[in-house]
């Protein structure tokens, strides 16, 4: 009669894992910052404005024991526009396809109606493990964190979720980033790496560039136009005739607004604000791609694009 080797369990544990996790949360819960921290590089734009993330962005975490693909999703919210409905559809489609869901509940805020709405929706994906992440831990006292963790436990019980684990984390300070990765990896299936070593995202460069331009524009206009900005890349390529050691990447981009009255806000006095947006975006693009950039940025109007299906298609939604 054959016997099972004593180290068979160890062999199973040592097997490489690969799979998908997604971060969800209400807008501005720290999902994108956490994604960037785990990947170790900025691949997702961040902003203090809600609904900054508009599509599912994959970030790839390479470990000796696993390849963890993080899907950063838009913030789930009660939609008021066709764009909002489509963003929510992205979230729910992603939930159905991942191996584990990380639900971001910022410790700096009390659990509110938005969190309850989100967790109630997540509970409908019954078979997928859920890890509660108490984000922004660096902003609160230990006493407040204890209170927040209790609130998270109560919230889960109220909608029938048994948390796989609850982890306080700060993407800004790096507190417990590795613990989050460990917890997510636990739920991945055994499998080969899905992406080549060294890849940090599968996003096309044009999408990443467009997002960096939009991020610069969001910060430039503060609270005036948080949702009205969209960016398209018309053309992007290395300039011909340049020596190999002095490349220049030409980028021609359009920044779309919904109304003519918004143009003055984004352009600023004598074009000062638009120049700042361009300069900030160019620095970020050069840091991402490692190539000097010439950025040609134009402002255009797509009237009420957030509620117009034709405009949404043109702008990539």
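The values are calculated or read from the model by the stated rules, or taken from the named source; none is laboratory data. Worth saying up front: this structure is predicted, and the values here are computed from it rather than measured. Note that we place each Cβ from the backbone using ideal geometry, even for glycine, and neighbour counts take in every protein chain shown.
In the stretch 166-188, which residues are closer than 12 Å to residue 134 by Cβ, touching a residue at least 24 places away in the same chain (Cβ under 8 Å) and touching a strand residue (DSSP E or B) at 6+ places or on another chain (Cβ under 9 Å)?
166, 167, 168, 169, 175, 176, 180
Tally up the residues in the stretch 1-39 that are part of a helix (DSSP H, G or I) and modelled with pLDDT under 75, please.
Taking the stretch 1-39 and keeping what is part of a helix (DSSP H, G or I), we get 8-13, 31-39.
Within this subset, residues satisfying the condition of being modelled with pLDDT under 75 are 8-13.
Final tally of qualifying residues: 6.
Among the residues that make up the stretch 132-140, is at least one of them without any contact (Cβ under 8 Å) to a residue 40 or more places away in the chain and either within 18 Å of the chain's Cα centre (by Cα) or under 13 Å from residue 23 (Cα atoms) (or both)? Full working, then the answer.
Initially, the stretch 132-140 is screened for residues without any contact (Cβ under 8 Å) to a residue 40 or more places away in the chain, giving 132, 134, 137-140.
Next cut, either within 18 Å of the chain's Cα centre (by Cα) or under 13 Å from residue 23 (Cα atoms) (or both) only: 132, 134.
Checked against the condition, which is being without any contact (Cβ under 8 Å) to a residue 40 or more places away in the chain and either within 18 Å of the chain's Cα centre (by Cα) or under 13 Å from residue 23 (Cα atoms) (or both), the stretch 132-140 yields at least one hit.
Name the one entry in 206, 162, 183 that is assigned to a helix (DSSP H, G or I) and either over 30 Å from residue 230 (Cβ atoms) or modelled with pLDDT of 90 or more (or both).
Working: 206 fails: either over 30 Å from residue 230 (Cβ atoms) or modelled with pLDDT of 90 or more (or both); 162 fails: assigned to a helix (DSSP H, G or I).
Every option except 183 fails the conditions.
A quick yes/no check of all residues on (1) outside any helix (DSSP H, G or I); (2) modelled with pLDDT of 95 or more:
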| residue | (1), (2) |
| --- | --- |
| 117 | no, no |
| 128 | yes, no |
| 132 | yes, yes |
| 138 | no, yes |
| 148 | no, yes |
| 151 | no, yes |
| 157 | no, yes |
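Given the options 261, 170, 228, name the one that is outside the structural domain of residue 294 (by TED's automatic domain parsing) and either modelled with pLDDT of 85 or more or more than 25 Å from residue 105 (Cβ to Cβ) (or both). Full working, then the answer.
Values: 261 fails: outside the structural domain of residue 294 (by TED's automatic domain parsing); 228 fails: outside the structural domain of residue 294 (by TED's automatic domain parsing).
Exactly one of 261, 170, 228 is outside the structural domain of residue 294 (by TED's automatic domain parsing) and either modelled with pLDDT of 85 or more or more than 25 Å from residue 105 (Cβ to Cβ) (or both), namely 170.
Identify, please: which residue in the stretch 248-278 is without any contact (Cβ under 8 Å) to a residue 12 or more places away in the chain and at negative phi and is, among those, surrounded by the most Cβ atoms within 10 Å (Cβ to Cβ)?
275
Quick one: which of 119, 179 is within 16 Å of residue 23 (Cα to Cα), in contact with a helix residue (DSSP H, G or I) (Cβ under 7 Å, 6 or more places away or on another chain) and assigned by TED's automatic domain parsing to the domain that holds residue 60? Give the steps one after another, and end with the answer.
Working: 179 fails: in contact with a helix residue (DSSP H, G or I) (Cβ under 7 Å, 6 or more places away or on another chain).
Matching residue, one of 119, 179: 119.
Given the condition closer than 26 Å to residue 41 by Cβ, surrounded by fewer than 17 Cβ atoms within 10 Å (Cβ to Cβ) and free of Cβ contacts under 8 Å to residues at least 40 places away in the same chain, answer yes or no: does some residue in the stretch 289-299 qualify?
Scanning the stretch 289-299 turns up at least one residue that is closer than 26 Å to residue 41 by Cβ, surrounded by fewer than 17 Cβ atoms within 10 Å (Cβ to Cβ) and free of Cβ contacts under 8 Å to residues at least 40 places away in the same chain.
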